Amino acid sequence: MECKEKIDKKEQNNLLIRKYKQYLQLEKSLSANTIEAYLTDLDKLLSYLTLEDIHVFDVTLEDLHHFAAGLKDIGIHPRSQARILSGIRSFYRFLVLEDYIDDDPTTLLESPQLGMHLPDVLTVEEIDRIQGAIDLSKTEGQRDRALIETLYSCGLRVSEVCSLRLSDLYFDEGFLRVEGKGSKQRLVPISQRAINELQLYLEQRSAMDNIKPGHEDFVFLSFRRGTKLSRITVFHFIKLLVEEAGIHKTVSPHTFRHSFATHLLEGGANLRAIQMMLGHESIGTTEIYTHIDRSMLREAILEHHPRNLRKNNDENEHP
């Protein structure tokens, strides 16, 4: 009898997971990668509840606190803990919406405090050095210049630049159409320099005769395979270029996006405009760049303010 109850619980959980997946796909319009991450995190909770013999509908806030404490005890990073708990909140909101439960036990569930992490930002000169490290005599040289300029000039995510299509390019109007998270589209201004680099690359691309079916409309292609570039390929060649350029910072494709936003803010751009160009749903996500800007401002003041200069001179004269 007990064995049958366990089987029934497992079947019920599997049914809930299938319905939750449909909800994430159809109602939330999340990407396949994001849905997979949500389901993987949910599986951690379901495994815990099975071990503790707690039904998913009977979970209390105290149960969730014990689960969260367990994540910390086994050494999961606070940022990953916060992501897992966010996915669990989403699942219980789904259960409430679908009338499986009346009250959401995650309402008062708090995430771990995360320290402010300021990502590395490249200067314009460093971006030029990275582009200068590209060997234009190689077949992929101009493609890589165009890709980096597009990442930086338009502030795109690596997934967005890899998925960019020829039909998304509006050079005459000076815009790109970008499909971001949740399949949400936005128009992003593109600089003349990025247009020039793309046009030089597209001349090469037009001569390709090995483009695979289904990849004809993608902008950035592998010359060898004839398929759209993967995120891993972009990460790899950027890492090599950064080393070649002699830059000692942690640089990924996302670093160009951070640099784009920071340089806009330094130039006086409105935070709301930056939010729209980056495709952030929340202005809070964009506000990290105000922290970057403030830290740079503080360094500049400490270095150049007359009172600090005087203090430094006094210290030099009276060691």
Of the residues that make up the range 120-129, is at least one within 16 Å of the chain's Cα centre (by Cα), assigned to a helix (DSSP H, G or I) and not assigned by TED's automatic domain parsing to the domain that holds Leu16? no
If the requirement is being in the same structural domain as Gly246 (by TED's automatic domain parsing) and crowded, with 19+ Cβ neighbours inside 10 Å, which of these qualifies: Thr150, Thr139? Thr150
In this structure, does Glu149 turn out to be closer than 18 Å to Phe260 by Cα, in contact with a Lys or Arg (Cβ under 8 Å, 6 or more places away or on another chain) and not polar (S, T, N, Q)? yes
Filter the range 66-99 for residues that are over 17 Å from Leu39 (Cβ atoms) and at pLDDT 85 or above and give the result. His66, Ala68, Gln81, Ala82, Val96, Leu97, Asp99
Is it the case that the range 134-144 has a residue that's in a loop (DSSP other than H, G, I, E, B), among the basic types (Lys, Arg) and at pLDDT 90 or above? yes
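The values are calculated or read from the model by the stated rules, or taken from the named source; none is laboratory data. What you see is a predicted model, and the numbers here were worked out from it, not measured in a lab. Every residue, glycine as well, gets a Cβ built from its backbone with ideal geometry; the counts of neighbours run over all protein chains shown.
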